[in-house]
Every structure is written in structure tokens, then in C-alpha cells.
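Take a look at the structure below.
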Amino acid sequence: MQPQCTHPRDRGAQRCWSCEVANRAATADARLSSRFWSKVASGTDDACWVWQASRANKTYGGFRLTKTKLARAHVFAYEQTHGPVPDGLELDHLCRNRLCVNPAHLEPVTRLENTLRGKAGEHNRKLTDEQRREIYHLRGIIPGVELARRYGVSKCLVSHIQLHDGHLYG
């Protein structure tokens, strides 16, 4: 039996073009979602759900949406459960496992927050306020590479301190 249209003006008629398009999109979304979750090794709600398929740049999971469009697996998982990632934010893996696609382990944060929580954040915690002040005041005197080596932190962190911490140490 042919599905019936749900629009008031076409009620009882065969499905109108709008209903047909919506039905096809919903069916395609369901197939895409099913294909995605079949590539995940999931466990309990609080465990990491590890992406088992392709990896983009050997770090994050990659999921092919179409022949020409690839998505990061964790972003697709988040958007399937929570909707789009808010503008200006990116997803942070609270578990620190880049292959995890458990939406409960993903939090939208600013790029700076994500960086400070990640590898740069590990180095950031090594520095005392006095060391950060020294790094800030040595800008233009000692190259950033040398300061990074001296303090055991990344060049990126040295640059960040010198460019953004003036209000603290200026």
C-alpha cells in the first residue's frame, strides 16, 4: 500500500513531493547512523567507545558521509546525540582518547581551553607563576625555542605566554 500524505491539503492522497523527500532523508539518515555505530566498540555508558574503522592522520577516527565528504568520527557521534557543535567551539575528549566516540566523553570548548587541557596543558601545569613571568619578560631577548628547551615546555606554550599573558605580567 502506498503511504499517504500527511499535509492537510493533500490528506489521503499519495505522498506529496515534500513528504517523499522527507521520508528519503530520514531513511538515509537512519542508514548512515546504523553504518556509523556498527564501526564502534561500545561498552558501558561510562567507558570509552572506541572507533574501529579508518583513522584521519593516524589520530582521530574518520567516517565517510558521502563519496567526497569525510567527517571526524567523534564529531559525527556528538552531532547525532546532541546536535551541531556550537559555532566557535570544538570538541574536547574528556577521556583524552582521540578514538573515543562516546558522546558523554565529548565537551564543546574553545580552542584555547582544548589546548590547555591537552598536551600543552600538561606542560602548562609544569610552570610556576614566577616561571611564566620570566618567560613573558624574556620575549625578544632569548629566542622562544631556547626558552622552551630551558623550561621543558613546548615552543607553542612559550609563544602563548608571550603573546597573551601581558595583562598578568606587564
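A short reminder: the numbers here are calculations on the coordinates, not readings from a lab. Keep in mind that this is a model prediction, so the values were computed, not measured.
Key figures
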read-out	value
D_trans [Stokes-Einstein, Kirkwood Rh over alpha-carbon pairs] for the stretch 40-145, 20 °C, 1.002 mPa s, µm² s⁻¹	135
Interchain or long-range residues, amide H under 5 Å from Gly62's placed H	Ser54, Arg55, Ala56, Ala73
Among the listed pairs Lys39/Lys126; Lys39/Lys67; Lys58/Lys155, those beyond 27 Å (Cα-Cα)	Lys39/Lys126
Average Cα contact separation per residue, the stretch 27-170, under 8 Å, 6 or more apart, as relative contact order %	16
Residue-by-residue Karplus 3J(HN,Hα) for the stretch 61-69, coefficients 6.51, -1.76, 1.60, Hz, glycine and proline x	x, x, 10, 7, 7, 9, 4, 10, 10
